[in-house]
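Enquirer: The structure is given below, and queries will be raised subsequently.
The values are calculated or read from the model by the stated rules, or taken from the named source; none is laboratory data. Note that the structure is a prediction, hence the values are computed from the model and not measured. Positions of Cβ are backbone-derived with ideal geometry, glycine not excepted, and every protein chain shown enters the neighbour counts.
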Amino acid sequence: MLVKNKKAYFNYTIKDTIESGISLIGCEVKSIRNGHMTIHESYIRIKDHEVYLVNANILPYEQGNRQNLSPNRDRKLLLHRREISKIIQQIEREGLYAIPTKVYFKGRRVKVEIGIGSSKKQFDKRASIKDRELKRSLDRSFKNRSL
């Protein structure tokens with residue numbers, strides 16, 4: 001696992017995930033390999049039946065040359081036509097959102113996991129926090145019990 005969008009699971013109820021490739025230019029892969037990427041404010045946009053990752057920040061590679069591009073540029077995601085139509089159907093007809101949840105390497109290739117889900121209401125977020133705190137306290141009590 002390289003980069004994970006933790007806020008995506010807090011702000012959205014993820015119902016489905018799709019793995020996609022990403023089109024990168026120049027030294028962006030080396031920069032990602034060094035861990036210089038953030039996706040916590042990024043989202044997925046569909047333009048002319050093509051899917052783009054918008055507002056993902058990849059810092060320029062330190063040893064790179066003039067080929068370093070803008071860190072926040074739109075990057076095309078590589079999906080099959082049926083996967084694109086599935087995403088379009090879920091976004092437009094069902095009113096769901098598509099957001100990047102993870103960026104990782106699979107072999108030598110950079111992959112992006114797209115989560116498709118609905119946004120949580122405020123009371124759902126509170127319930128998530130309550131469940132997380134309850135689980136944390138139970139784990140602590142079991143840890144202290146075994147000692």
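Enquirer: Show the residue pairs meeting these rules: Cβ distance below 8 Å; 6+ apart or different chains; first residue within region 72-93 and under 14 Å from residue 20 (Cβ atoms); second residue part of a strand (DSSP E or B) and charged (D, E, K, R).
Expert: So the pair list comes out as 76/50; 84/50.
Enquirer: Continuing with the same structure: For residues that are buried (at least 16 other Cβ atoms within 10 Å of the Cβ), among the small types (Gly, Ala, Ser) and modelled with pLDDT of 90 or more, tally how many sit in region 1-28.
Expert: Counting residues in region 1-28 that are buried (at least 16 other Cβ atoms within 10 Å of the Cβ), among the small types (Gly, Ala, Ser) and modelled with pLDDT of 90 or more gives 1.
Enquirer: Does region 41-50 include one or more residues that are in a loop (DSSP other than H, G, I, E, B) and within 14 Å of residue 103 (Cα to Cα)?
Expert: Keep residues of region 41-50 that are in a loop (DSSP other than H, G, I, E, B), which gives 41-42, 48-49.
Okay, now just the ones that are also within 14 Å of residue 103 (Cα to Cα), so 41-42.
Yes, region 41-50 has at least one match.
Enquirer: If you don't mind, another one. Could you check, for region 95-113, whether at least one of its residues is within 21 Å of residue 9 (Cβ to Cβ), of a type in the set (Asp, Glu) and in contact (Cβ under 8 Å) with a residue 24 or more places away in the chain?
Expert: Within region 95-113, one or more residues are within 21 Å of residue 9 (Cβ to Cβ), of a type in the set (Asp, Glu) and in contact (Cβ under 8 Å) with a residue 24 or more places away in the chain.
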